[in-house]
Amino acid sequence: MWNKLRAPSLFKAASTTSLYRRSINTKISKFIRSRGLVAPLVLFTAGAGTYYYQDEPTRRQLRVTLQGVNRLIRSVITGAIVTLDYKITLHDVTDESAGYTERLNAVHKRAAERILWCCLKNGGLYIKFGQGLVIMNHILPRPYLETLVVLQDKVLTRGPHEVETLFKEEFGKLPSEVFREFDEEPIAAASLAQVHKAVTHTGDEVAVKVQYIDLQDRFLGDMFTMRILAVLLGKVYPKLDFADILKELKGNMARELDFVAEATNAEKCARDLSHLPYVYVPKVHWNLTTKKILTTEFIHGVKISNKQALAEAGLSLHDIDNKLVRCFADQIFHSGHVHADPHPGNLYVRKDKQGKAELVLLDHGLYEYMEATERIALANMFKAIVLKDEEAMRLHAHTMNVDEWHLLACCLTQKYVATKSNPPPDWRKIKNKSDWKKLSEQEKKEIRDYFEDLHSRMLDVMKQMPKPLMLIMRNLNTIRSIHRDHGNLVNRYIIMARSAVEGAEKSTRQGHGLLSIARSYKERFMFEYHLKLDSIRSWLLVKALTVLVWLGRVPNFEETLNRNSPQDIELKTLN
């Protein structure tokens, strides 16, 4: 009875609800059609369905593409603002205007801060791009270097399950299945990858370098976006060729993203330096290595910059520095296959069986290769510098496409090379600020013009020299920085010069007859004579300068060079 009484009311309620729903649906349909939203909704539904049925790598590629739009917009806006800032700030001044330097440094600083913000917000390869700009200390003004240097210690943030996802894609297994033990907490992190400690099923301790999962997916899109930014910046300040810098960095980053190539570099480095018993390269576990995951022997050692730990281990800094220079000199002059990122984090030291220092070279992702003609010309250039053979210096510089052979010699030796046609400039009468003030305006102008011309010519030399040599120059600067931190205990010039001569002799020796051997011994004797003579002159000069500095008659040039880049020295001299 109750059901019969309730049935009509239930039917009526159901009918009312159904009519209401149909009314709402009709209104929604009319709204969608009137606003032209049918096609977008169809596309969105189709896109969502397509995304749902894709595998994880394809989904990640789609996400990266969509996120790339935001990075593109952010980069274009940043480039436009920096461009306008340069235009507005410098539109009414020239290089010779009063206050030009102050304005230029200020706009450099603002531009660098905006680029830093853009790199941090975009993340990924932008961090690596910013780090690459920092090592361009021979080109970029100091405000850029001081601002972007924070990126050197910046690491990318990663999701908690990213390592597991990458292992599944590369090996089809979790890290805990691939290894007997795997420490989920990374022991080191950098701009492209992080390193985990693990133990293989055979009991070997290993270091597992895991690439951040989306970097290769982002590579082409991010490079395109960064090129837009570089072109915008280059148009307003042509002296800074950002597009050319980016082109070089693009090639470097592409190589660093291939861990199989890195493993190959490591093994070639070990072969090339096998004649140096104090150099060690960790062994590669090829069965646990792919393009995105690199597994190598785990090394227990001390970072080369940790002077206290090295001293506590009873290791000699003099011995370490001597071996370090010889190691990289032989790469440059003997094989031409040169580790291009020898910062302290990639250089470890441990004791060998005799208790002496053994160098361990890590991170072989970035290498530079010099063609045989360039390598032999470079080695012979060093030999000609020692022998003060101007004609030979001119010849070998020309082989390396450099016109200013004397400036190239100064770049290579990292000191002023005095020759008959290029005696050292005589600034001895300027011993302090009061002496500078006593100079006439004409004399001050001559000094300013000298430094302006020198800086411009040095940039031309750097642009002319082969690209591999450019990277090697940065390599030498990094090693010089390590030596300076250790107290400049060895003569880099002599060690490199001897390695250069050995490399040149190996490449150009003709036959093994008595006459050839006698000629070789004669050349080597003359070389050692000039090298020793040059060493004595340098020692006397350093001692004389030390006394003059102690007496307060000349400034402390070592401190000045430590504190300032070439751009700063030039600008301070001009003020």
- Could you work out Rg/(2.2 N^0.38 Å) for region 165-313, with Rg from alpha carbons only? 1.29
- Query: Within region 268-309, whose backbone N sits under 14 Å from a point 7 Å along Cα→Cβ of Asp319?
  - Reply: 277-279
- What residues qualify as long-range amide H neighbours of Ala188, i.e. H under 5 Å apart, gap of 5 or more or another chain, H built at 1.01 Å from N? Val195
- Query: Expressed in nm to one decimal, what extension gain is obtained for the pair Arg457 and Lys506 from 0.36 nm per residue of sequence separation less their Cα-Cα distance?
  - Reply: 14.3 nm
- Can you pull the one-decimal nm distance between simple spin-label points at Ile228 and Thr94, each 7 Å off the Cα toward Cβ? 3.6 nm
- Message: Using 0.36 nm times the number of residues separating Asp485 and Glu248, minus their current alpha carbon distance, what extension gain do you get?
- Response: 82.4 nm
- Around Lys121 (Cβ within 10 Å, Cβ-to-Cβ, excluding Lys121; K/R +1, D/E -1) the net charge comes to +2
- Task: Multiply the residue gap between Arg103 and Leu120 by 0.36 nm, knock off their C-alpha separation, and tell me the result in nm, one decimal place.
- Result: 3.5 nm
- Would you please state which residues of region 341-371 a label at Ser274 would reach in this model, taking the label point 7 Å out along Cα→Cβ and a backbone N cut-off of under 11 Å? none
- Förster-model FRET efficiency, 35 Å R0, Lys444 and Arg110, C-beta, rounded to 0.05: 0.70
- Message: Can you give the FRET efficiency to the nearest 0.05 for Lys356 and Glu404, using r as the Cβ-Cβ distance and R₀ = 35 Å?
- Response: 0.25
- Note on the structure: Rounded to one decimal in nm, the spacing of the 7 Å Cα→Cβ label points at Lys437 and Asn422 is 3.6 nm
- Relative packing of 128-134, 444-450, 370-376, which averages over residues the other C-beta atoms within 10 Å, highest first: 128-134, 370-376, 444-450
- Query: Computed FRET efficiency, Cβ-Cβ of Lys168 and Ile299, R0 35 Å: what is it to the nearest 0.05?
  - Reply: 0.80
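Only the coordinates and a few stated rules stand behind these numbers; no lab work does. Just so we're clear, the structure is a prediction, and the values are computed from it rather than from any experiment. Note that we place each Cβ from the backbone using ideal geometry, even for glycine, and neighbour counts take in every protein chain shown.
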